[in-house]
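Bear in mind that the values in this text are calculations on the coordinates, not laboratory data. Worth saying up front: this structure is predicted, and the values here are computed from it rather than measured. Virtual Cβ from ideal backbone geometry, glycine too; neighbours counted across all protein chains shown.
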Amino acid sequence: MEKCIGENRWKWYQFKVNEGDRNKPMFEQDHSGCNHWLERVLQKKTNSLRIKILDSGVKVVTGSLIYKQNFEEAKDYQIFHFYVTEDQLITVDLHFPNFKHIHPEQLYKQMNKTENAVEGFFILLGELMNEMLVEIDRFEEALKTLIWSIRRKNGTNILEKIYMRRHELLIWKSLLIPINELKMGIEEVDLQEVSRDEMFTLLVKRIERMTALLNEYEHELDSIINLEEVISSHRGNEIMKTLTVITIIFTPIMAFGALWGMNFKHMPELEWRYGYFLSIILIIIATLLLYGFLRFKGWTGDLLTGKQKDSYFN
């Protein structure tokens with residue numbers, strides 16, 4: 001257990017609980033039912049939020065928050081538990097080495113200057129949001145690369161990458177939703193008149209910025225998916241059109257071939273001296289006439305026209 005005291009105005013208790021210690025009381029003297037909360041919360045494996053007012057009038061916000069998630073494995077995530085009142089903050093299993101852009105020393109200095117535990121908790125949540133905002137930049141880079149990949153080489157594997165990015169976006173949203181719920185819960189219980197608190201305002205702005213970014217990325221991915229659906233539909237139609245036209249053009253060859261491939265005893269064409277050359281000429285003329293008819297009607301479309309090198313529909 002580590003104890004951080006905010007200039008004697010409030011206390012921050014940090015716990016790193018080992019598996020063997022999960023059933024042991026954390027405090028020798030129970031602080032507002034904290035031991036009871038710790039016994040229950042350590043079994044939590046999902047996001048949760050509880051808001052209550054004790055008989056003494058103390059407002060308490062407790063819960064669990066998943067703050068990191070592996071995009072490839074559902075069970076690979078990081079979760080911490082919190083207990084917040086005006087004069088104390090308790091966090092369990094919050095491991096700062098898991099963060100790439102949060103420096104504990106600077107965080108402690110900031111929290112030491114706050115007037116109460118609620119403001120300190122806002123700073124902590126604000127740093128969590130800042131970590132997410134920095135990490136989301138990598139998602140944006142991957143999305144931009146994907147957008148230009150569609151232009152340069154739009155193959156089947158592109159669709160797989162699109163839905164991978166869509167899955168990552170869903171995970172980012174699943175990380176943001178409980179933080180937003182926590183913000184609303186704090187407003188609901190009105191800890192320290194949060195609506196006028198500078199730290200809370202900063203937290204709200206970062207949540208709004210993250211929400212706006214995710215919504216914009218979702219719109220971009222929806223546009224990419226719609227574009228891919230149009231391209232796939234067009235390609236399918238072009239393939240069916242091509243097969244149909246080829247089948248029609250080769251119909252004279254198949255028809256005459258079937259006719260002269262018969263084994264009837266009396267077939268006058270078999271006795272013609274120039275029958276072989278006449279049959280070839282007849283097949284060629286019939287094929288050209290049929291092809292000319294299809295072109296005249298415009299039924300061949302652009303099948304025989306060369307496409308541009310960077311066309312989306314190649």
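Brief remarks follow.
- Spatial extent of the range 82-163: Rg and Dmax, with the Cα atoms as the point set, Å: 19.5, 59
- Semi-axis lengths, Å, the range 54-94, gyration tensor of Cα atoms, sqrt of 5 times eigenvalues: 30, 9, 6
- Computed log₁₀ I(q)/I(0) - Debye formula, equal Cα scatterers, no solvent, the range 55-208, q 0.09, 0.13 Å⁻¹: -0.36, -0.68
- Cα-derived Rg over Rh, computed across the range 250-297 with Rh taken as Kirkwood radius: 1.08
- Pairs from Lys44/Lys144; Lys16/Lys144; Lys16/Lys113 whose Cα-Cα separation, in the structure shown, is over 32 Å: Lys44/Lys144; Lys16/Lys144
- FRET efficiency for Ala74 and His219, using Cβ-Cβ distance with R0 set to 30 Å, rounded to 0.05: 0.70
- Evaluated on the range 195-273, the Kirkwood hydrodynamic radius is 19.4 Å, with distances taken between all distinct Cα atoms.
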